[in-house]
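The values are calculated or read from the model by the stated rules, or taken from the named source; none is laboratory data. All figures in this text were calculated on a predicted structure; none of them were measured in a lab. So basically every Cβ, Gly included, is an ideal-geometry build from the backbone, and we count neighbours across all protein chains shown. Please note that ligands, DNA and RNA were not included when accessible areas were found on the heavy atoms of the full protein model with its side chains. Shrake-Rupley method; radii C 1.70, N 1.55, O 1.52, S 1.80 Å.
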Amino acid sequence: MALAAVITVVAGGVELFASRASGSLFLLADAVHLLAHLGIFLVLLIPPGRLHGTSEDLGAVAVLGIIVAVAGWVLWLSVDHLLHPPEELPNPAAMLVALFGLAANTCSALLFRRPAETHFSFRAALAHELSDGGMTLAGLVGAGCISLFGWHWVDPTLSLVIGGWLGVWAVRLLVRRALRGPEVFFEH
Ligand SMILES: [Zn+2]
């Protein structure tokens, strides 16, 4: 678990740095998404029988609330770039940094595989990591399209999808929490 967390932080940091340097919203969205994982997975994957008090419930709700806000910000940036394309295209080569994100997803997925056999929450996390990996692959294809065809809409569309997926995931957890109580965070 700690290893998955460290890999995720490093990959997210590298992507964040590269997104500033290259102007790629896709990298920004992917980095934000990776870092949001940490918050959720730390809360969701706490061993059963420990730390199931009110403060953990509040912490989980707060983390999810922050993630919904950040996802909204990414969505807003994406729509803004789609409506008003910036002069310069993001550097497609920099988007290869998303490979770090893919590595982080893969490592986490491998680490979650064993506990996923018995724990629902790890199974959900594993499925999530795999779909993230698919989205990163789509981003790499997108980087190829940007360098080949110079399409402006590819980068903000990718960040729109990634931000939207993050938002939907967090909102869905919040809705389940509202309907079924704090236990939803600790199902195993
Ligand atoms: Zn994810």
Original post:
Is it true that Ser159 is of a type outside the set (Asp, Glu), in a helix (DSSP H, G or I), within 21 Å of the chain's Cα centre (by Cα) and away from the ligand (no atom under 11 Å from the Cβ)?
Top reply: yes
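How many residues does the stretch 131-156 contain that are of a type in the set (S, T, N, Q) and either within 14 Å of the chain's Cα centre (by Cα) or open to solvent by less than 20 Å² (accessible area, probe 1.4 Å) (or both)?
First pass over the stretch 131-156, keeping only residues of a type in the set (S, T, N, Q): 131, 136, 147.
Restricting the remaining residues to those that are either within 14 Å of the chain's Cα centre (by Cα) or open to solvent by less than 20 Å² (accessible area, probe 1.4 Å) (or both) gives 131, 136.
Residues in the stretch 131-156 being of a type in the set (S, T, N, Q) and either within 14 Å of the chain's Cα centre (by Cα) or open to solvent by less than 20 Å² (accessible area, probe 1.4 Å) (or both): 2 in total.
State all residues of the stretch 23-39 that are surrounded by fewer than 21 Cβ atoms within 10 Å (Cβ to Cβ) and away from the ligand (no atom under 14 Å from the Cβ); if no residue qualifies, say none. Walk me through how you get there before you give the answer.
The initial filter retains those residues of the stretch 23-39 that are surrounded by fewer than 21 Cβ atoms within 10 Å (Cβ to Cβ), namely 23, 35, 38-39.
Matches in the stretch 23-39: Gly23 only.
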Original post:
What do you reckon, is Leu42 open to solvent by 40 Å² or more (accessible area, probe 1.4 Å), within 22 Å of Ser131 (Cβ to Cβ) and at pLDDT below 90?
Top reply: yes
**OP:** Select from the stretch 162-188 the residues that are aromatic (Phe, Trp, Tyr) and buried (at least 18 other Cβ atoms within 10 Å of the Cβ) and write down the one among them that is nearest to the ligand (Cβ to nearest atom).
**Re:** Trp169
Subject >> Residues of the stretch 95-123 satisfying the condition of being under 30 Å from Ile146 (Cβ atoms) and open to solvent by less than 20 Å² (accessible area, probe 1.4 Å) >> reply: Met95, Ala98, Gly101, Ala104, Asn105, Ser108, Ala109
Subject >> Contacts under 7 angstrom Cβ, first residue in the stretch 1-22 being within 29 Å of Glu88 (Cβ to Cβ), partner open to solvent by 70 Å² or more (accessible area, probe 1.4 Å) and not small (Gly, Ala, Ser), 6 or more apart >> reply: Ala11/Phe100; Val14/Phe100; Glu15/Phe100; Ser22/Asn91
Original post:
What are the residue pairs meeting all of these: first residue in the stretch 112-131, first residue under 19 Å from Phe185 (Cβ atoms) and of a type in the set (Lys, Arg), second residue away from the ligand (no atom under 11 Å from the Cβ) and assigned to a helix (DSSP H, G or I), Cβ atoms under 9 Å, and 6 or more apart or on different chains?
Top reply: Arg123/Phe112; Arg123/Pro115; Arg123/Ala116
Subject >> Verdict on Glu87 being under 21 Å from His152 (Cα atoms) and surrounded by fewer than 17 Cβ atoms within 10 Å (Cβ to Cβ) >> reply: yes
